[in-house]
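Structure first, commentary second.
The values are calculated or read from the model by the stated rules, or taken from the named source; none is laboratory data. Please read these numbers as outputs of a predicted model, since none were measured by experiment. Cβ coordinates were reconstructed from backbone atoms using ideal geometry, including for glycine residues, and neighbour counts include every protein chain displayed.
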Amino acid sequence: MPGEAQALRWCGALALTLTSVALCARVPSQSANELSDAARSVFLAFPQATSFRAIVRDVDLQARIAVEKGLPFKVHFNELGAHSLYVPFRKLEPVGLLYVRTEDGGWGFTEVSWSLSLDLRVLGFRFLRCRSPHRAALQRSPFARSLIGRGFEQLGELLGRDGRLCCRRGDIPAGSEELARALVRSAMKTILVTRTVWRRELRKLRDLALGLQAFPAAQRVLPMALGAMHRDSHLRAVHAVTVFGTADARLGVAVASELHAATTTELRWTLTKDLRVIRVTVVGARCPAALRVACSELAGRRLDDPGRGALSAAARDLDQALREALRVDSRAARPPAVPAPSGRSPR
């Protein structure tokens, strides 16, 4: 496990240049014990991480109103103050998020660390402080496992209008219903606060991860402004970044998209700088075999000449959108490069 010297505060540029703006954090004083607790939580939740950074933000009035409106239950004023979001990195790649919340319940204050994916789905949780006698049983329960992979809306489906939890009988250990409800509310507050307060940082972290996963030698990523996709291609929620390497050489393009057919499938496209397909990968294990075959058939082909496979319409539509975005980008001024952080505390 890396030493605490690697678990330093984030003060300056994020691991790579993210557009022309560096991602910075306001750094308050923090005790050695707090850093040690944060380091333990981060590396337990993300054992693949080699370092982490912390971003501290105050929940301003606008964010407070958005959070209060977005939750299906009331939140106490004092719950929304200064908050820290921890970002674990594997070398230069962000691998997730960690957020610690303190909840007030029947057994006093309960502190929970939530590990999230970059798209704000629950990866896991851990009780840091909890005096409830039902803590261990709940953490091992089917109910706790059912939280994994849920986003904000899916967590909300667990809360009934009468305050009871909507889950299968026997999933929640006897006597732990109150703690289970507090856990669901805590997860929903965690995701909504993170999405609201760190919206810009999240977008840049996702861009960074998208570029590095496609091109591990990336030194800089630049988001592309894509227009609307044609409905007959079934591609939705398309986001792309141009990826640059050393000496600012353009390595290619990385694209995240959703294919809306019988089901919704997330596809990642890795393309050369002239928009030839390096690979198309399916995110997640559940995918029809025919779609995986269609992805493999695109390898080596230009997007504007994808053949007659099941993804040919999607490829042509994506090609048109990317070429238009590249024309726009070529007319824009090139953003300056920002060096990666040294891993040492700023003086």
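Can you confirm whether region 184-202 contains a residue that is within 30 Å of GLY252 (Cα to Cα), crowded, with 16+ Cβ neighbours inside 10 Å, of a type in the set (A, V, I, L, M, F, W, C) and touching a residue at least 12 places away in the same chain (Cβ under 8 Å)?
Yes.
From the list GLY108, GLY151, GLY156, which residue is without any contact (Cβ under 8 Å) to a residue 24 or more places away in the chain and of a type in the set (Gly, Ala, Ser)?
Of the residues listed, the single one that is without any contact (Cβ under 8 Å) to a residue 24 or more places away in the chain and of a type in the set (Gly, Ala, Ser) is GLY108.
Can you tell me which residue within region 23-43, out of those that are surrounded by fewer than 15 Cβ atoms within 10 Å (Cβ to Cβ) and farther than 18 Å from VAL193 by Cβ, is modelled with the highest pLDDT?
SER36
Report the residue count in region 305-319 for those that are under 16 Å from ALA256 (Cα atoms) and either outside the structural domain of HIS239 (by TED's automatic domain parsing) or in a helix (DSSP H, G or I) (or both).
Going through region 305-319 one residue at a time, the tally reaches 6.
Of the conditions (1) under 18 Å from the mean Cα position of the chain (by Cα); (2) surrounded by fewer than 21 Cβ atoms within 10 Å (Cβ to Cβ); (3) at pLDDT below 95, GLN213 satisfies every one except a single condition; which number is it?
(3)
Just to be sure, is VAL75 assigned to a loop (DSSP other than H, G, I, E, B) and either at negative phi or under 22 Å from the mean Cα position of the chain (by Cα) (or both)?
yes
Take residues that are more than 21 Å from the chain's Cα centre (by Cα) and tell me which of the helices (runs of 4 or more DSSP H) falling wholly in region 105-178 contain 3 or more.
Filter on region 105-178 gives 135-139.
When the residues of region 78-96 are filtered to those that are within 17 Å of the chain's Cα centre (by Cα) and under 14 Å from VAL197 (Cα atoms), which remaining residue is surrounded by the fewest Cβ atoms within 10 Å (Cβ to Cβ)?
Filtering first and then ranking leaves SER84.
Of these, ARG292, ARG279, which one is assigned to a helix (DSSP H, G or I) and more than 17 Å from LEU326 (Cβ to Cβ)? Let's see the steps before the verdict.
Working: ARG279 fails: assigned to a helix (DSSP H, G or I).
Within the list ARG292, ARG279, the selection yields ARG292.
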